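S.K.: Can you keep this structure in mind? I'll have questions shortly.
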Amino acid sequence: MTELPRLSHLQAAGLDALAPLPPDDFYKAAAGRLKAGGRAVSYFGFPEEGRSAPLENGSAGTRLVMILAFDAERRLEVLSMSAGDSFRALTPDFPQLHLFEREIAEQTGLRCDGHPWLKPVRYPLKAGSPIPPGTADFFRVHGAEVHEVAVGPVHAGVIEPGHFRFQCHGEQVFHLEIALGYQHRGIERRLIGGPGQLTSHYLETLAGDTTIGHASAYCRAVESLSGTPVPARGEFLRALMLELERLANHTGDLGALAGDVAYLPTASFCGRLRGDFLNMSALICGNRFGRGMIIPGGTAFDLDHALIKELRLRLDAAFGDVENAADLLWGSSSVMERFEGTGIVSRETALALGLTGPAARASGVRRDVRRDFPAGAYLNLKAPLPEDAPESGDVRARAYTRWLEIKHSYELINGLLDSLPSGPVFAEPGAMKPESFTVSLEEGWRGEICHTAITDKAGKFRSYKIKDPSFNNWQGLAMALRGAQISDFPLCNKSFNLSYCGHDL
Amino acid sequence: MFKEIISRLKQGYRTMEFPSSEIKLPHRFQGLPEVNPGAGMGGCAEYADVCPTGAIAAPEGKPVLDLGRCIFCGKCAKLYPRVFNFSREYKMAARKREDLFLRGEAFKRAATLDEAMKRLFGRSLKLRQVSAGGCGACEADCNVLQTLSFDLGRFGIQFTASPRHADGILITGPVTQNMKLALEKTYAAVPGPKIVIAAGACAISGGIYAGHPETAGIPAEIPVDLYIPGCPPHPLTILDGLLRLLGRIE
Ligand code: SF4
């Protein structure tokens, strides 16, 4: 077997790096690398030259691209093949590919041979054959006392739509199947031919609570393709915004977890504190979610002395209160009784499914883009989690991991503010190189975001593939429910708090 | 228990007064835009093309900004500061779609429900929220109203778990094809008379997803009573709109 082309994170490569292997070699190489501990960061297809866009004109001529990461070695690899009208599923041996392969089949029209559960992913509109989501057959358990529970798409709370189908025996869940696609609004297709007027807005609203995460990944992709060096101060401000986003969401989730076990003090305090962190983002850029802050070339706004002072004051006050609210949570035995041992995801499962982010770390899989594939201000980051961080994979571990990350983000922001470099925050980006591609990874608060951009002859996007961490992690939630009580579903769900729109694109 | 009480004392009473003149939004916040039709562009209306969502039109060379399409990116004000200017005003909900077209006249804020409806809902309004596409930010800003900072419940407004218990629905998102049926069913499940609220640029006009075949928009059979612009609307914009609808603020 030939040596696989290595990739450098955020380094634009020519399209020759995507030269297709003969299919059999591709499958063999992919299986070999996955067996050797590789993890599929992204696996997608795009039309070969001269073919029309996927979905529209069916199957013929699709290039498949698999991006692999070896986290510990900080290594990325890429391999590629050209598919005629079908490709072979590797899912039976490598469950982490299950959704990627379903997605490829759906987006490219390729036939996927040997996939054990080849269902639609997002139920996109296909001319002539619209199938509404949640209508394909669900996995069923048969037996006299087995019953089925269907929840959604409209949920009880103020949250996004999705459908959950439980196979239960009394209270006990045998199996949970999650059907999504209700939020599908066709973003990826609109990015082709860009960047255009709407591109950055699509990316900022890919998942509204991860505006900074996805906008940063997008901007880095553009900057790497155009060779734009971002000024150091801009990089620091981006990291600051990303950590603020993490603080807001982790804090909100700690409160929501407390709410789900009816522990109201922490629920109430954290509900307010999440808003306080969002208001800090608004202080910096005018928008609570950070819209408009991260732009190709740097950031749209700078901080002056007065703003920094105000930010520090608010940050210290909010952090003190979060610490207080979290202390209450860990100190309450009735809360711990509900958290401990609930919704366990083992390390083996986390690895097999390729989970990312806090959900993976709480199961002892310590991957973190900020450390493994750092960029910008993260280049000198110390380990994000302490040695004794929990690894038990239950709700408590996922909750406690969030708390540890809150502490870490708070320290990071202070560090960033202490050493904020002077100078501009923005450098005008140039044109993107034609016929190139780049991989951009970012550690959003839910986990690994991956954007893979490929340019055409004119230096416009020929393909833009997005992977939100939720894409990896939804199956983790399904596994957490195996053997659990159905009444623990809200709690398990909150401990992951995955994105519907980020998955549905 | 003592720890909880001490924490409560430490964290203090944090519910904001509303409405209140004390509320100050951050300097960089972009609220209700002001449109200046007289800012003589010499009949040329090139500013119509700068808007990423097509919110700006220029019939007869006069600027019109559609608040229902605007995502508050600020681009127009940056490029044409004499024509467009963003205030820090958060009160911008309206009762009619046409009231969202800004031409430089005073903004027509949302009026109260008619007497019969006001008598029914003025002191107690239960809403079922339907999230139908979009990015989840509008939902987040509805959720935040239920926290102690805003304490929506004190105004007699609550989000319910079931449409059967609701007096109306609050829709967010551009209504994807994949959510259209669920939205229609939810609306049908609410007992009449009922109220419909469209929150956010997506729900009002499709926002940045307008024109995608994947989105359908709110079906014509579901008449909207209140439009709350924004991308997403600030929680205060939502709260202000709801209270105006119920006649709690004039
Ligand atoms: S601020 Fe609103 S009207 Fe102005 S360009 Fe942006 S979306 Fe268009």
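The values are calculated or read from the model by the stated rules, or taken from the named source; none is laboratory data. Remember, it's a predicted structure, so these values are computed and weren't measured experimentally. Heads up, the Cβs are rebuilt from the backbone with ideal geometry, glycines too, and the neighbour counts pull from every protein chain shown. Only protein heavy atoms, including side chains, enter the accessible area calculation; ligands, DNA and RNA are left aside. Shrake-Rupley method; radii C 1.70, N 1.55, O 1.52, S 1.80 Å.
S.K.: Looking at segment A:286-304, which of the residues that are surrounded by 24 or more Cβ atoms within 10 Å (Cβ to Cβ) and at positive phi is nearest to the other protein chains (Cβ to nearest Cβ)?
M.R.: A:G286
S.K.: Then there is this: Under 7 Å by Cβ, and 6 or more places apart or on different chains, what pairs join a residue from segment B:20-32 that is more than 8 Å from chain A (Cβ to nearest Cβ) with one that is open to solvent by 60 Å² or more (accessible area, probe 1.4 Å)?
M.R.: Filtered contacts from segment B:20-32: B:G31/B:R88.
S.K.: I'd like the residue in segment B:96-123 that is in a loop (DSSP other than H, G, I, E, B) and open to solvent by 60 Å² or more (accessible area, probe 1.4 Å) and, out of all such residues, is nearest to the ligand (Cβ to nearest atom).
M.R.: The selected residue is B:R103.
S.K.: Can you name every residue in segment A:137-173 that is more than 19 Å from B:N178 (Cα to Cα), among the aromatic types (F, W, Y) and in contact with a helix residue (DSSP H, G or I) (Cβ under 8 Å, 6 or more places away or on another chain)?
M.R.: A:F166
S.K.: Can you tell me which condition B:R128 does not meet? The list is (1) crowded, with 23+ Cβ neighbours inside 10 Å; (2) more than 26 Å from B:E184 (Cβ to Cβ), and all the others hold.
M.R.: (2)
S.K.: Is it fair to say B:A93 is modelled with pLDDT under 90 and either under 24 Å from B:R248 (Cα atoms) or of a type in the set (A, V, I, L, M, F, W, C) (or both)?
M.R.: When the stated conditions are applied, B:A93 does not pass them.
S.K.: Among the numbered criteria (1) over 26 Å from A:G196 (Cα atoms); (2) part of a loop (DSSP other than H, G, I, E, B); (3) open to solvent by 70 Å² or more (accessible area, probe 1.4 Å); (4) within 16 Å of the ligand (Cβ to nearest atom), which one does B:M92 miss?
M.R.: (3)
S.K.: Under the condition of being open to solvent by 70 Å² or more (accessible area, probe 1.4 Å) and part of a helix (DSSP H, G or I), which residue from segment A:323-350 is nearest to A:H250 (Cα to Cα)?
M.R.: Among residues in segment A:323-350 that are open to solvent by 70 Å² or more (accessible area, probe 1.4 Å) and part of a helix (DSSP H, G or I), the one nearest to A:H250 (Cα to Cα) is A:E323.
S.K.: While we're here: Give me a count of the residues in segment A:177-200 that are within 7 Å of another protein chain (Cβ to nearest Cβ), in contact with a Cys (Cβ under 9 Å, 6 or more places away or on another chain), touching a residue at least 40 places away in the same chain (Cβ under 8 Å) and surrounded by fewer than 24 Cβ atoms within 10 Å (Cβ to Cβ).
M.R.: 0
S.K.: Condition (residue is in a strand (DSSP E or B) and more than 20 Å from the chain's Cα centre (by Cα)) applied to segment B:38-55: is it met by at least one residue?
M.R.: no
S.K.: Pick from B:I249, B:I222, B:I228: which is within 16 Å of the ligand (Cβ to nearest atom), under 19 Å from the mean Cα position of the chain (by Cα) and more than 12 Å from chain A (Cβ to nearest Cβ)?
M.R.: On inspection, the qualifying residue turns out to be B:I228.
S.K.: Does segment B:199-218 include one or more residues that are more than 28 Å from A:S200 (Cα to Cα) and open to solvent by less than 20 Å² (accessible area, probe 1.4 Å)?
M.R.: The answer is no; no qualifying residue exists.
S.K.: List the number of the failed condition for A:G170; all other conditions in (1) open to solvent by 40 Å² or more (accessible area, probe 1.4 Å); (2) within 12 Å of another protein chain (Cβ to nearest Cβ) hold.
M.R.: (2)
S.K.: Okay, moving on. Which of the following residues is in contact with a Cys (Cβ under 9 Å, 6 or more places away or on another chain), in a loop (DSSP other than H, G, I, E, B) and within 12 Å of the ligand (Cβ to nearest atom): B:C76, B:C70?
M.R.: The unique qualifying residue is B:C70.
S.K.: Filter segment A:85-103 for residues that are touching a Gly at 6+ places or on another chain (Cβ under 7 Å) and surrounded by fewer than 20 Cβ atoms within 10 Å (Cβ to Cβ) and give the result.
M.R.: A:R88, A:P92
S.K.: Still on this structure, please answer the following. Residue check: is A:E106 in a helix (DSSP H, G or I) and more than 14 Å from chain B (Cβ to nearest Cβ)?
M.R.: no
S.K.: Here is a follow-up. Going by the structure shown, is B:E17 open to solvent by 80 Å² or more (accessible area, probe 1.4 Å), away from the ligand (no atom under 15 Å from the Cβ), more than 9 Å from chain A (Cβ to nearest Cβ) and within 25 Å of B:L246 (Cα to Cα)?
M.R.: Against the criterion (open to solvent by 80 Å² or more (accessible area, probe 1.4 Å), away from the ligand (no atom under 15 Å from the Cβ), more than 9 Å from chain A (Cβ to nearest Cβ) and within 25 Å of B:L246 (Cα to Cα)), B:E17 qualifies.
S.K.: In addition: So A:D71 ticks every box in (1) under 16 Å from A:A30 (Cβ atoms); (2) touching a residue at least 60 places away in the same chain (Cβ under 8 Å) but one. Which box is left unticked?
M.R.: A:D71 satisfies all of (1) under 16 Å from A:A30 (Cβ atoms); (2) touching a residue at least 60 places away in the same chain (Cβ under 8 Å) except (1).
S.K.: Related question: Scan segment B:37-56 and tell me whether some residue there is surrounded by fewer than 19 Cβ atoms within 10 Å (Cβ to Cβ), modelled with pLDDT of 85 or more, away from chain A (no Cβ under 14 Å) and within 16 Å of the ligand (Cβ to nearest atom).
M.R.: no
S.K.: Could you list, in sequence order, the residues of segment B:151-176 that are open to solvent by 10 Å² or more (accessible area, probe 1.4 Å) and within 18 Å of A:H155 (Cα to Cα)?
M.R.: Residues satisfying the conditions are B:Q158, B:F159, B:T160, B:A161, B:S162, B:P163, B:R164, B:H165, B:D167.
S.K.: May I ask you to say which residue of B:L145, B:L183 is open to solvent by less than 10 Å² (accessible area, probe 1.4 Å) and either assigned to a loop (DSSP other than H, G, I, E, B) or touching a residue at least 60 places away in the same chain (Cβ under 8 Å) (or both)?
M.R.: None of the others qualify; the one that does is B:L145.
S.K.: Quick one: count up the residues across segment B:153-167 that are touching a strand residue (DSSP E or B) at 6+ places or on another chain (Cβ under 7 Å) and more than 8 Å from chain A (Cβ to nearest Cβ).
M.R.: 7
S.K.: Cβ-Cβ distance below 6 Å, separation of 6 or more or different chains: which pairs start in segment B:73-88 with a residue that is open to solvent by 70 Å² or more (accessible area, probe 1.4 Å) and end on one that is within 7 Å of the ligand (Cβ to nearest atom) and among the β-branched types (V, I, T)?
M.R.: Listed pairs, sorted by first residue: B:K75/B:V50; B:L79/B:V50.
S.K.: Spot the failing condition for B:K126; the list is (1) within 14 Å of chain A (Cβ to nearest Cβ); (2) of a type outside the set (V, I, T); (3) outside any strand (DSSP E or B), and only one is missed.
M.R.: (3)
S.K.: Related question: State all residues of segment A:260-285 that are free of Cβ contacts under 8 Å to residues at least 24 places away in the same chain and more than 10 Å from every other protein chain (Cβ to nearest Cβ); if no residue qualifies, say none.
M.R.: A:A262
S.K.: Now for a separate question. Being of a type outside the set (D, E), within 22 Å of the chain's Cα centre (by Cα) and modelled with pLDDT of 90 or more is the filter here, so list the residues in segment A:159-180 that pass it.
M.R.: Passing the criteria: A:P161, A:G162, A:H163, A:F164, A:L176, A:I178, A:L180.
S.K.: Could you list all residues from segment B:129-146 that are at the interface with chain A (Cβ under 7 Å from one of its Cβ atoms) and not small (G, A, S)?
M.R.: Once the filter is applied, which keeps residues that are at the interface with chain A (Cβ under 7 Å from one of its Cβ atoms) and not small (G, A, S), segment B:129-146 yields B:Q129, B:V130, B:C135, B:E139, B:C142, B:N143, B:V144.
S.K.: Free of Cβ contacts under 8 Å to residues at least 60 places away in the same chain, among the β-branched types (V, I, T) and open to solvent by less than 20 Å² (accessible area, probe 1.4 Å): which single residue out of A:V154, A:V141, A:V158, A:V146 fits that description?
M.R.: When all the criteria are applied, what remains is A:V158.
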